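Nothing in this text is a laboratory measurement; each read-out follows from the coordinates by a stated rule. Please read these numbers as outputs of a predicted model, since none were measured by experiment. Here the Cβ is made from the backbone with ideal geometry for all residues, glycine too, and neighbour counts use every protein chain on show.
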Amino acid sequence: MFTPYSPTAARPWDLRRVVHLHKRAGFAADWNMIQRDLRDGPDVAMERLLAPQTGETGGTPFEELSRVICDAAVESGSINRLKAWWLYRMLLGPDPLGERLTLMWHNHFATSFTKVEDVGLMRRQNDTFRRHARGAFGELLAASLHEPALLVWLDAEANRQEHPNENLAREMMELFSLGVGNYSETDIREAARALTGWTVNRGAFRLQDAMHDAGEKTIFGQTGAWTGDDAVRLLAEHPAVSGRIAFRICELLLGEGVATESMLAMLAAGLHEHDLSIGWAVATVLRSEEFFADANIGTRVTGPVEFVIGAARALELTAPPPSTLRLAEVTARLGQDLFAPPNVFGWTGGRAWLTSRNLISRANFTHDLIEGKLHPRWTAFDAAAFAAAHGFTTAPERAAFFAQLLLGRSDLPAPLLHLVDDLNRLVAAILASPEAQLA
Amino acid sequence: MFARSLSRRHFLRDSALIALAPSVPVFLGRTVRSADITADGRILVVIQLDGGNDGINTVIPFADPGYAQHRQELRIADDKLIKLNDQVALHPDLKPLAELLDDGRLAIVQGVGYPNPDRSHDVSMAIWQTARFDAAEHKSYGWLGRALDAAPAPADGAPHSILVTDRTPPVALRGRRCSSVAMANLNDLQIRPGASLAATEAANDADDLLAFTRRATLDARSAADRIDDVVQSTAGAAEYPQTGLADRLKTVAQLIKANFATPVYYAIQSGYDTHSTQLATHGKLLRELAGAVRAFLDDLQSSGLADRVLVMGFSEFGRRVEENASLGTDHGTAGPMFLAGAGIHPGLHQAIPSMTDLVDGDLQMSVDFRSVYAAILSQWLRVDPLPVLGGEFAKCELLKA
C-alpha cells in the first residue's frame with residue numbers, strides 16, 4: 001500500500017492522469033499546465049504541487065496584493081469581501097494544494113461567521129489554517145484551539161471554574177481530534193474544567209487565571225492539575241488522532257470507496273511515526289499507486305468551491321477574472337458558503353453535494369460563466385477563439401480539446417455531441433454534465 | 001387510449017380543479033387525486049428545532065417544586081405563564097400554539113426521548129433522524145428516507161422530500177432511491193433562461209457514483225420543470241410573520257397549494273443551543289416557531305387543504321435540568337414533541353417528566369420517540385413501521401383513525 005507510482009503501460013503518465021492530479025490536489029489545470037506536466041513527468045509535476053515556489057517570506061507581488069485586498073475586506077467589515085479574497089487566492093495564487101488544505105481545515109474546524117460576527121477573527125483563523133496547512137497536526141490543533149474565532153464559536157467565554165461549559169471540550173474531542181467512541185463523558189467534563197479561563201479579550205486569546213479551575217483532573221486516565229494547554233497536549237498524544245487525520249486526508253484526495261480500513265490504518269500509523277505531519281501524509285497519498293489507479297479517477301464528487309474555481313482556471317478566465325464577490329454568491333448557491341459552514345460538523349460533502357437545487361445552480365453557473373455574466377464588464381467567453389489560440393480549429397479538434405481539458409478524456413459524452421457546432425453552449429454543457437461533477 | 005388518459009391527466013393537473021379538490025364532486029375529486037403521487041395526497045411537514053430545545057421552558061411543569069429549585073435565573077414568572085392545567089403551562093411566547101391547542105389543532109407529546117441518551121448534537125440528532133443507535137448507520141439512511149423508499153414514486157418528477165433551507169438535506173431524508181431537494185425559495189429551482197441543465201445518458205439503478213450523478217441530474221431537471229409550473233400557478237396572499245421559519249413554511253404552503261406532489265417537507269429552525277444568556281434567545285425562537293406554525297396552518301385551512309397536512313416538531317434533546325452559570329443550559333435528555341393539523345387528537349399526551357426524580361441530573365423520558373414515529377408511519381404515511389424503525393414499537397394514540 002502507498003507504493004510510489006511510476007508510469008507503466010497499464011497506468012501511463014497521460015493527460016487523463018495529469019487532469020486527475022490537478023482536479024484532486026488543486027483547482028484543475030489549464031491547457032499549458034497540462035502540456036507542461038505531461039512533458040516534465042510525474043515527479044516534477046508532483047513537486048510543483050507539494051512544494052510550490054511561493055516566496056519564502058511571503059513578500060511576492062501576489063502575497064502583497066493579497067494582503068492589501070484582505071486588509072481592505074477586514075476593514076470593510078464585510079464577510080462577503082473576505083470570501084471574495086479567499087476565492088481570489090484560489091483562482092490566482094501560486095499554491096492550489098495549500099488552498100485546498102486550508103479549505104479542508106476550515107471544514108474540519110468548522111467555524112461560522114454567523115455566530116462569530118467578526119471578519120478580522122475569521123481572517124486570522126484562515127491565516128492560521130494556511131500557515132499550518134502542511135505542518136504537524138499537533139501544532140495546527142493547538143493553534144486552532146487558541147483562535148479567538150473558534151473560542152467565540154464554541155462559547156469558551158462561558159466556561160468558568162464555578163460552572164464548566166462543555167461545548168469546546170466536547171467538540172475538540174469529537175470533531176477536532178479523536179472522533180466519537182474514543183473518549184468518555186467524564187473525559188469531556190474534566191477537559192472542560194482544564195479549559196476554564198480560556199477567553200477572548202479584544203480579539204485575542206487570553207487566559208483568565210481567576211476563572212481557571214486549578215484542581216486535579218483525570219483525562220484519558222491521566223491525573224494532574226491540568227491546564228487547557230495540557231488538555232490539548234493530551235489530545236494530540238492520543239492514539240486516535242492519527243486515524244482521524246488519515247480519514248480527513250483520504251476524504252480530500254481519494255475517491256468514493258477507495259480508502260480501505262487497512263489503508264487508513266497504515267496512513268494513520270505513518271502519521272504517528274512522522275509527528276502527525278500533514279504534509280507527509282498528503283505527499284504519501286498523492287504519490288501512491290492507489291492515487292493514480294483507475295478506481296480512483298472520476299470517483300469523487302467535486303465540491304462547489306473546487307468546481308467553480310476549477311472551471312474558471314481551466315478556461316483561463318483570469319485576466320480579468322470573474323468577480324470573486326459573485327463567485328462567492330455562486331458557491332453559496334451550490335451549497336458551500338465560505339466562512340459559514342452549516343454547523344460544527346462542516347459540510348457533509350460527497351453525494352450530498354448533488355441535490356437538485358445544487359445541480360440546477362451548477363447549470364446556471366456554467367451558463368453565467370460562459371456568457372460573461374460573472375465578469376464585472378460582462379465579457380462573454382469565446383470558445384472558438386480560445387480553442388484556436390491553443391491550435392484547435394476544426395470541429396472534431398475543438399470537441400476533443402474541450403473533452404480533454406475539462407473531462408480528461410478524448411471523446412465527448414454522447415448526449416453532448418449535437419452541440420459541437422455551438423461551441424459556447426458546448427462548453428457550458430460539458431461543465432454541467434454528470435461527468436464534470438466528478439473528478 | 002394511452003394518449004387520451006395522459007392528456008386527461010395533464011388537463012386535470014393543470015386546471016384549477018386541483019386546488020379545489022375538496023369541493024368538487026366525489027367522482028371527479030377521486031380522479032384528481034389519482035393524479036397525485038401519494039394515494040390520498042397526505043403530506044408531512046417536519047420542523048427540526050436545531051441545537052437542543054429547552055423543553056422545560058417550553059412546556060413548563062410550573063407546579064413541580066424542581067422547577068423553581070433548578071431554574072432560579074431562567075424560571076418564567078408564574079403570572080406570565082399560559083397555564084394549560086394546574087401542572088403544566090406553555091411559555092408566554094407560545095400564545096399562537098395555545099390558541100391552536102384550544103382550537104383542537106395541536107397535540108403535545110411530553111417527555112419524548114430514547115434509552116441511554118447521548119448528549120452530542122451529532123449523535124443524538126443522528127439517532128432521531130435515523131432511528132438507529134449504531135454509529136455505523138448514522139450516515140446511511142434516515143427514517144423518512146426509508147419510509148419514502150417504500151412509498152410509490154412521486155408523479156411528474158416531484159422529489160420525495162424537500163428541505164426548505166440553505167443547508168444540505170439531513171440524513172433523515174436520505175433513502176436508497178428516494179430523491180431529496182434542498183432549496184431556500186422557489187427561485188432556487190428555476191433554470192435561468194438560456195442555461196440548459198446537463199444532457200445525460202439514461203440513468204440505471206447501479207450504485208456507482210456516475211450512475212448516481214446521472215440519476216441526480218435527471219431528478220434535478222424534473223424538479224426544475226415542476227417548479228416552473230408552481231411559480232406560474234401560485235398566488236400567496238396569506239399573512240405570515242416576517243421570520244425565517246415563517247418564510248420557509250410559506251414556501252411549503254405554496255408548493256402544497258399548487259398541488260406539488262412531494263409528500264414530505266422538512267424545515268430547520270436553528271439556534272436552540274442556548275449555553276448562555278438563554279432567556280431572550282429562547283423566547284425569540286419560540287415566538288418565531290409558534291407564529292410560523294400558526295400562520296401555516298391557517299393558510300392551509302383557508303385553502304381547504306388542512307386535512308392533508310400533518311406538522312411534526314422535534315429537537316435532538318432537551319437541556320439539562322440545572323441551569324449553568326452563564327444564564328444558559330447544557331445538553332440534556334428528553335423533551336416535548338408537537339404534532340399539528342386537523343388529523344390529530346389534540347391536547348397533552350404522556351406524562352410530563354418530573355424535575356425532582358432525575359437520573360444524573362437529567363429528566364427521565366416518558367415515551368420513546370419511535371412510538372411517535374410509529375404512529376406517523378402507520379397512520380399518516382401508511383408505511384409499515386417495522387423495517388423503518390428496525391423494531392416493534394407501540395404507537396402513541398396521537399392520530400385520528
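Tabulated results
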| read-out | value |
| --- | --- |
| Residues whose placed amide H lies under 5 Å from that of A:TRP198, excluding near-sequence neighbours | A:GLN208 |
| Cα-based equivalent ellipsoid, the protein assembly as shown: semi-axes from gyration tensor eigenvalues, Å | 44, 38, 23 |
| Segment A:304-437: translational diffusion in µm²/s, Stokes-Einstein, Kirkwood Rh over Cα pairs, 4 °C, 1.567 mPa s | 84 µm²/s |
| Packing-based order for B:314-326, A:228-240, using average beta carbon neighbours within 10 Å, highest first | B:314-326, A:228-240 |
| From phi via Karplus (6.51, -1.76, 1.60), per-residue ³J(HN,Hα) for segment B:382-397 in Hz, x at Gly/Pro | 6, 10, 5, x, 4, x, 5, 8, x, x, 8, 10, 4, 7, 5, 8 |
| Within the protein assembly as shown: Cβ-based charge dipole about Cα centre, in debye rounded to nearest 20 (Lys, Arg +1; Asp, Glu -1) | 2300 debye |
| Relative contact order (%) - segment A:304-437, alpha-carbon pairs under 8 angstrom, separation at least six | 22 percent |
| Average beta carbon contacts from partner chains per residue of B:207-214, 10 Å cutoff | 6 |
| Relative contact order (percent, whole number), segment A:210-335, Cα cutoff 8 Å, 6+ residue spacing | 18 percent |
| Amide H within-cut-off set for A:SER288, under 5 Å, with H built and near neighbours excluded | A:TYR5 |
| Separation in nanometres of the label points that stand 7 Å from Cα toward Cβ, at B:ASP205 and A:ASP230 | 6.0 nm |
| Sorted peptide list for A:8-21, B:58-71, A:88-101, criterion being average Cβ within 10 angstrom, highest first | A:88-101, B:58-71, A:8-21 |
| Residue-averaged beta-carbon neighbours from other chains (10 angstrom radius) around B:178-191 | 3 |
| Cα-Cα over 21 Å, subset of A:LYS115/B:LYS250; A:LYS83/A:LYS373; A:LYS373/B:LYS250; A:LYS83/A:LYS115; A:LYS23/A:LYS373 | A:LYS115/B:LYS250; A:LYS373/B:LYS250; A:LYS23/A:LYS373 |
| Average other protein chain Cβ within 10 Å of Cβ, residues B:272-282 | 2 |
| Per residue convex hull volume, Cα atoms of segment B:288-401, in Å³ | 127 Å³ |
| For B:THR333, distant residues with modelled amide H under 5 Å away | B:GLY318, B:ARG319, B:LEU363 |
| Estimated Rh, chain A: Kirkwood, alpha-carbon pairs, angstrom | 23.0 Å |
| Burial ordering of B:ARG214, B:ARG119, A:ARG202, A:ARG362, fewest other beta-carbon atoms within 10 Å first | A:ARG202, B:ARG119, B:ARG214, A:ARG362 |
| Among B:VAL112, A:VAL330, B:ILE82 the positive-end extreme of the charge dipole of the protein assembly as shown (Cβ point charges) | A:VAL330 |
| Rounded FRET efficiency, nearest 0.05, which uses the C-beta distance separating A:GLU261 from B:HIS345 and R0 of 60 Å | 0.75 |
| Selection from A:ALA319, B:ALA340, B:SER196, by position along the positive dipole direction of the protein assembly as shown (Cβ) | B:SER196 |
| Whole-Hz couplings from phi, Karplus 6.51/-1.76/1.60, listed for segment B:284-290; x for Gly and Pro | 5, 5, 5, 5, 4, 4, 5 |
| About the Cα centre, charge dipole magnitude for segment A:304-437 (Lys/Arg +1, Asp/Glu -1 at Cβ), debye | 320 debye |
| Equivalent ellipsoid dimensions for segment B:63-154 as semi-axes, Å, which come from the Cα gyration tensor, largest first | 35, 21, 10 |
| Farthest positive-ward along the protein assembly as shown dipole, Cα basis, beta-carbon charges - from A:ALA380, A:LEU417, A:THR218 | A:LEU417 |
| Rg followed by Dmax, in Å, when segment B:337-382 is reduced to its Cα trace | 13.5, 39 |
| Rel. contact order, % - alpha carbon contacts under 8 angstrom, at least six apart, chain A | 20 percent |
